[in-house]
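Undergrad: Please read through the structure below; I'll follow up with questions.
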Amino acid sequence: MVPYKELSREELERERRAMQKEHDLLRAKGYHLDMSRGKPCTAQLDLSNDMLDVVNSKTDVHSERGADCRNYGDVAGIDEAKRMLGDMVDVAADHVIVWGNSSLSVMHDVICNSMIKGVLGSTPWCQLDSVKFLCPVPGYDRHFTITEYYGIEMINIPMNEDGPDMDLVEKYVNNDPAVKGIWCVPKYSNPQGITYSDEVVRRFANLNPAAEDFRIFWDNAYCVHHLYEDKQDHLLEILNECEKAGRPDMVYEFFSTSKVTFAGAGISGVAASKRNLEEIRKQMSVKIISFDKLNMLRHAKYLVDQDGIQAKMKQHAEIMRPKFEMVLNKLTTDLKPLGIARWIEPRGGYFVAFEAMDGCATRIIELASQAGLTMTPAGAPFPYHKDPKDSVIRIAPSYPSEEELAMAMEIFVVCVKLASAEHMLKYMEA
């Protein structure tokens, strides 16, 4: 295989025609394949079916403190669920509030309350002339959707191999009082699979914000989502580092069991300082008397602690690892020699971040759709859906079966080759 940049115009045109022919054949087969979201597959959901038997009509439905989990009360969650979730992220149970099934809803509510009521007595954001958020990119599209919805200005922060560009983060946070927060997926980041280094975490903890109400939104969604037992990333615990730095209130940490047990029926939580938790608890008490404590009890009895969580995640890894290796092997075999793309090989998480030639991502997604493969839209990993280079594509291997994934990657590779050849031919004409 010869790198595309070494091909003559005639050779590149032959390659384009060959890929167009393959694409036409794929379109004619009428595939309906989905790699649009990082959803667990059915086999992963089946891993936790026995959890449904943990709480039933014959079960004692009282928490360890004796509260009837069928009734109102315990707005911040039952102790055993706090302890279990705290184990998951290495945080003490008394720093945890247990939420409903979605950590995204916790993040939304924290942003909403900051807009309407302010943070620990500060001016509500809705009363300010300018509110800004830093957004490491590529990043999680649903984070950006929340801040866009509330009219918060989003600023791109490039990602390095060890986390966000901290020189730029410090420049904005330490000098601009309009900067009120930063989105972070610190372990096996969405979509690159990057884990923040110890140095990056310590630099976060030692920020000196110009705004007293600046907060780090630490979405630790993939904290236990390793692909390998012998190759696992380590993440320094941020709350402890902020405490040591004398800024205990500067971070909210979010997490859930959404991809540990059932994606739509797990439990989630937020960890923070005592002052932050007290404010969140007051806000919660206005909207709800209690979340589903039976589900909290079910999860606490089923997963118990870190050992139980790790045992469950090993089962997930057995399903996920072959899919990731299939994707990476296909990219390495069919695309790496051509010099038209690059990617990071993650050790965990749910995605592979694929970086095409500049100006090609939108066309690749369009071609994939024509051939029956649905993927996350180009631009989605960036604020306002605007990828400055139109190059990043999020590959989500989890949901398709291995057979479907193999076919999806066949389609994807053809689309990348075709779009790249088209782009280079246009460049030659220019």
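The values are calculated or read from the model by the stated rules, or taken from the named source; none is laboratory data. Please read all numbers here as calculations on a predicted model, not as lab measurements. All Cβ positions, glycine included, derive from the backbone under ideal geometry; neighbour counts span all protein chains shown. Note: accessible area is taken over every heavy atom of the protein model, side chains too, but ligands, DNA and RNA are not part of it. Shrake-Rupley method; radii C 1.70, N 1.55, O 1.52, S 1.80 Å.
Undergrad: Considering only the other residues whose Cβ falls under 12 Å of the Cβ of Leu239, what net charge follows from Lys and Arg at +1 and Asp and Glu at -1?
TA: -4
Undergrad: Continuing with the same structure: Remind me, relative contact order of the chain in percent, using alpha carbon pairs under 8 angstrom and six or more residues apart?
TA: Relative contact order here is 26 percent.
Undergrad: Considering Cα pairs under 8 angstrom that are at least six residues apart, work out the relative contact order of the range 81-228 and quote it in whole percent.
TA: 21
Undergrad: Short version: what are the Cα gyration tensor semi-axes of the range 281-337, square root of 5 times each eigenvalue, largest first, in whole Å? Don't skip to the end; give the middle numbers.
TA: Details: eigenvalues 329, 67, 13 Å².
Each semi-axis is √(5λ); the values are 41, 18, 8 Å.
Undergrad: For Glu148 and Gln370, compute 0.36 nm times the residue count separating them, minus their Cα-Cα distance, and round to one decimal in nm.
TA: Contour length minus Cα-Cα distance gives 76.9 nm.
Undergrad: Here's another thing I want to ask about it. What is the Å³ per residue value for the convex hull set by the Cα atoms of the chain?
TA: Value for the chain: 148 Å³ per residue.
Undergrad: Here's a follow-up. Considering amide H positions built from the backbone, and no H for Pro or chain starts, which residues 5 or more places from Asp390, or on another chain, come under 5 Å of its amide H?
TA: Gly359
Undergrad: For the range 16-156, what's the relative contact order in percent, using C-alpha pairs closer than 8 Å and at least 6 residues apart?
TA: With pairs under 8 Å counted, the relative contact order is 11 percent.
Undergrad: Students often get this wrong, so check it: of Lys259/Lys330; Lys259/Lys293; Lys39/Lys389; Lys117/Lys274; Lys39/Lys336; Lys171/Lys389, which have C-alpha atoms separated by over 21 Å?
TA: Lys259/Lys330; Lys39/Lys389; Lys39/Lys336; Lys171/Lys389
Undergrad: Run through the range 226-308 and list the chymotrypsin sites (Phe, Trp or Tyr not before Pro) located in a DSSP loop whose Cβ has at most 12 other Cβ atoms within 10 Å. Numbers along the way, then the final one.
TA: Numbers: sites: Tyr228, Tyr252, Phe254, Phe255, Phe262, Phe291, Tyr302; in loops: Tyr228, Phe262, Phe291.
Loop-located and lightly packed - Tyr228.
Undergrad: Moving on to the next point. What distance in nm separates the simple spin-label points at Arg281 and Ala406, each placed 7 Å from Cα in the Cβ direction?
TA: It works out to 5.5 nm between the two label points.
Undergrad: With +1 on the Cβ of every Lys and Arg and -1 on the Cβ of every Asp and Glu, and nothing else charged, how large is the dipole of the range 128-261 about its Cα centre, in debye rounded to the nearest 20?
TA: So the dipole magnitude of the range 128-261 works out to roughly 200 debye.
Undergrad: Solvent-accessible area per residue for the range 214-259 at a 1.4 Å probe radius, Å²? Write out the running numbers ahead of the final one.
TA: Details: 1570 Å² over 46 residues.
On a per-residue basis, the range 214-259 sits at 34 Å².
Undergrad: In sequence order, what are the phi-derived ³J(HN,Hα) couplings for the range 172-183 according to the Karplus relation 6.51 cos²θ - 1.76 cosθ + 1.60 with θ = phi - 60°, rounded to whole Hz, with x for glycine and proline?
TA: Listing the rounded values in order: 6, 5, 7, 10, 10, x, 6, 6, 9, x, 9, 7 Hz.
Undergrad: To one decimal place, what Kirkwood hydrodynamic radius in Å is obtained for the range 175-225 from all pairs of distinct Cα atoms?
TA: 11.9
Undergrad: Let me ask something else about it. Heads up, I need the accessible area for Ile116: 1.4 angstrom probe, whole protein in place, Å², nearest 10.
TA: Here the residue's solvent-accessible area equals roughly 100 Å².
Undergrad: Shifting gears a bit: Using modelled backbone amide H atoms (1.01 Å from N, in-plane), which distant-in-sequence or interchain residues come within less than 5 Å of Asp34's amide H?
TA: Thr374
Undergrad: Which percent of the accessible heavy-atom area of the chain goes to carbon and sulfur, probe 1.4 angstrom?
TA: Carbon and sulfur atoms account for 47 percent of the accessible area of the chain.
Undergrad: Only four residue types carry charge here, +1 at the Cβ of Lys and Arg and -1 at the Cβ of Asp and Glu. Report the dipole size of the range 322-401 about the Cα centre in Debye, rounded to the nearest 20.
TA: The calculation lands at about 120 debye.
Undergrad: Expressed as a fraction of 2.2 N^0.38 Å, the rule-of-thumb size for a compact globular protein of N residues, what is the C-alpha radius of gyration of the range 14-96?
TA: 2.08
Undergrad: Continuing with the same structure: Using only the C-alpha atoms of the range 92-235, find the volume of their convex hull and express it per residue in Å³. Could the numbers behind the result be given before it?
TA: Details: hull volume 18.3 nm³, N = 144.
It comes to 127 Å³ per residue, whole-number rounded.
Undergrad: On a 0 to 90 degree scale, rounded to 10, what angle separates helix 306-334 from the longest Cα axis of the chain?
TA: 10
Undergrad: Turning to a different aspect of this structure: Name the residues of the range 53-70 whose amide N is less than 15 Å from a point 7 angstrom out from the Cα of Ala311 along the C-beta direction?
TA: Only 54 pass the distance filter.
Undergrad: What's the local net charge at Tyr252, with K and R +1, D and E -1, over the other residues with C-beta under 10 Å away?
TA: -2
Undergrad: Shifting gears a bit: Taking K and R as +1 and D and E as -1, what net charge do the other residues with C-beta under 12 Å from the C-beta of Asp198 add up to?
TA: -3
Undergrad: Still on this structure, I have one more. Limiting things to C-alpha atoms, what are the Rg and the maximum Cα-Cα separation (Dmax) for the range 31-143, in angstroms?
TA: Calculated on Cα positions, Rg and Dmax stand at 19.4, 57 Å.
Undergrad: Can you give the calculated 222 nm mean residue ellipticity of the chain, where each DSSP H run of n ≥ 4 adds -39,500 (n - 2.57) and the sum is split over every residue, rounded to the nearest 500 deg cm²/dmol?
TA: Here the helix-only value at 222 nm equals -13000 deg cm²/dmol.
Undergrad: Which residues' amide hydrogens lie under 5 Å from the amide hydrogen of Val179, considering only partners 5 or more residues apart or on another chain, with H built in the peptide plane?
TA: Residues meeting the amide H criterion: Lys132.
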